[in-house]
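Accompanying notes for the structure given below.
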Amino acid sequence: MTVSVLPPSPSAFAKATWDDVAPYFDELAARPLEPSSIESWLLAWSTLEELVTEAAARAMIAYTIDTGDPDKEADHLRFSTEVLPRMEERSVELARRLVESGYSTPDLTTTLARFRTQIEIFRDENVPIFAELEEHSARYQRITGSITVEWDGVERPLPQLQPFLKSSDRAVRERAFRASTRPYLDRRDELSALFDKMYQLRMRAARNAGFANFRDYIFPAKFRFDYTAADCERFHEAVERAVAPAVERVLESRRRRLGLEVLRPWDLAVDPYRPKTLRPFANTAEFVGTAQRVFARVDPSLGREFQTMIDEGLLDLESRKGKAPGGYCETLHFHGRPFIFMNAVGLVDDVMTLHEAGHAFHAFAAHEQPLIWQRHPGSEAAELASMSMELLAAPHLTQPVGYFAPEDAESAWLEHLEDVLLSLVHIASVDAFQTWIYTSGQGGNADARDAEWLRVRSRFERGVDWSGLEQERVARWYRQLHIFLYPFYYIEYGIAQIGALQIWRNSLDDPKRAVARYRDALALGAVRGLPEIYHTAGARLTFDADGIGELVQLVESEIGRVRAKLPSGEGLSSPERRVANGS
Ligand SMILES: [Zn+2]
């Protein structure tokens, strides 16, 4: 059978089963590999993977937009549990042929290193294990995606409670906090039983591949070639030493500003500088149009790329019932286009979630690389693209270009800077927790897991009074979908945030040059290692308390500078304010 002619577009594979895809792999596996033909063979293989992964991405997008449609779920599951795992199996076979051929070019070095690692850890018996894990992941998404809360007589998906968590009325905030936590408490046994299964499967897959535990497996599996488990533990210590105290200072200032005796968990989202909730945009069209102007200010070519996304319908941004929670940016590899999915509800956080646009710019830039494997670096570089964009776009968020009146832009910026610090302690918590889960030997015990989460949380997160709310505090990790769906995908955010802060520091001196270096780094795709990508962007990889502490100091001094420009806290902590806050 000869199938040399590939379909012209991914839509040909929209309803494909593995049997429709397999003949193309059979042919690539059988074609003789000679020096003269190896480049065209590589290109055909890459194009085939582009077609199949784009068809799979389109099925995943359709499903997450409408989780209640059984046909869309079936299409997504067919790709994620059947087509993609089988394709990965055949890809490892082709990768083995490539590695054995001895063919190499400088721009294939990192790809070949990944292929070698993939071959080393691949086990036939793990294929059904990862397929089963995908089914459990879909179940987690189904459970959490179907959660609605009755709020003032209206049934709402959880993201729509965000505005109430930011209410200046403390009683409303508390009610919103309890309402959004309750569904996870009610489903705790169901979710922990689901996690038990995932834990067992992951540990079994790791042992099958010759590793003592799933943490040791994940380093090669995620191609973490440039840092170690010990570096991650140094990162935890650095956050504990340099960031946790800064967060405590930020929260102490918040407490005083709000005029409260103690901060409770429902006091963390309200803006202590503006009594009324900022509504940066009224509808999706305004949201998107403003974003386009902001990116054009950061760099005209970024503005053009975002306009392409608008024109081609590559955005689904507003929260609706039936959508999966969260946000993501998916790459459509055949067409070289990104797609952004979000649950925007018209708040400041949504503007910051334009984070996803940083991933989109990365997809555009890296598509210049000819082969699919040369485009997507690890998440440490991917999140560098997105987190840097949050910081680089910040100076352009003021009207008439951006979303905010000048004083609101200041308070939004302040909120973002505080979030940078708060997110670092959260990242350290999530990574330290997962390290414990997969290395302590007790990760399969639901009660021990919950107890460990509390221990880890109190190590990193200070300045909030959780007394009487231990169960609510525990509920937080059940809400962290990465722990279920993308194990160990979290420290990357921390590594990237530290890199992004360095790019931002550069932009304070020379914004044009900082953005140019940023774009150069994105265009490298995956053809260089992490240290070189960071170096190109103008940053360095660092895990130690000194390097991290320096950046925390810079963030704190910027926080101080912005705070000084805002109306004084005196008025806000007047007796009336205290009454309004119910303390
Ligand atoms: Zn991201």
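The values are calculated or read from the model by the stated rules, or taken from the named source; none is laboratory data. Small disclaimer: the values here were computed from a predicted structure and weren't measured. All Cβ positions, even for glycine, are placed from backbone atoms using ideal geometry, and neighbour counts span all protein chains on display. Just so you know, the surface numbers come from the protein's heavy atoms only, side chains and all, with ligands and any DNA or RNA stripped out. Shrake-Rupley method; radii C 1.70, N 1.55, O 1.52, S 1.80 Å.
Descriptive notes on the structure:
- Sole exception among (1) closer than 26 Å to His482 by Cα; (2) touching a residue at least 24 places away in the same chain (Cβ under 8 Å); (3) in a helix (DSSP H, G or I) for Leu161, by number: (2)
This table checks each residue for (1) within 16 Å of the ligand (Cβ to nearest atom); (2) crowded, with 16+ Cβ neighbours inside 10 Å; (3) modelled with pLDDT of 85 or more.
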| residue | (1), (2), (3) |
| --- | --- |
| Thr277 | no, yes, no |
| Phe281 | no, yes, no |
| Gly289 | no, no, yes |
| Leu314 | no, yes, yes |
| Glu330 | yes, yes, yes |
| His333 | no, yes, yes |
| Gly336 | no, no, yes |
| Val345 | no, yes, no |
| Asp350 | yes, yes, no |
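- Taken together, the residues in the range 10-46 that are touching a helix residue (DSSP H, G or I) at 6+ places or on another chain (Cβ under 8 Å), modelled with pLDDT of 95 or more, open to solvent by 20 Å² or more (accessible area, probe 1.4 Å) and not hydrophobic (A, V, I, L, M, F, W, C) amount to 5.
- A Cβ distance below 9 Å, combined with a sequence gap of six or more or placement on separate chains, defines the contacts here; from the range 106-121, residues that are closer than 14 Å to Ala526 by Cβ reach residues that are hydroxyl-bearing (Ser, Thr, Tyr) in the pairs Leu112/Tyr103; Leu112/Ser104; Phe115/Ser91; Gln118/Ser91.
Let's see how each residue does on (1) away from the ligand (no atom under 16 Å from the Cβ); (2) in contact with a strand residue (DSSP E or B) (Cβ under 9 Å, 6 or more places away or on another chain):
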{"position": "Ala385", "(1), (2)": "no, no"}
{"position": "Asp408", "(1), (2)": "yes, yes"}
{"position": "Glu415", "(1), (2)": "yes, no"}
{"position": "Leu421", "(1), (2)": "yes, no"}
{"position": "Ser440", "(1), (2)": "yes, no"}
{"position": "Gly444", "(1), (2)": "yes, no"}
{"position": "Ala448", "(1), (2)": "yes, no"}
{"position": "Glu461", "(1), (2)": "yes, no"}
{"position": "Glu470", "(1), (2)": "yes, no"}
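- Sole exception among (1) touching a Leu at 6+ places or on another chain (Cβ under 8 Å); (2) small (Gly, Ala, Ser); (3) at positive phi for Gly153, by number: (1)
- Residues of the range 159-201 classified as under 25 Å from Leu133 (Cα atoms) and open to solvent by less than 30 Å² (accessible area, probe 1.4 Å), total: 9
- Restricted to the range 142-157, and to residues there that are in a helix (DSSP H, G or I) and at pLDDT 90 or above, the residue that is surrounded by the fewest Cβ atoms within 10 Å (Cβ to Cβ) is Arg142.
- Filter pass, Arg337 being basic (Lys, Arg) and under 27 Å from Ser91 (Cβ atoms): yes
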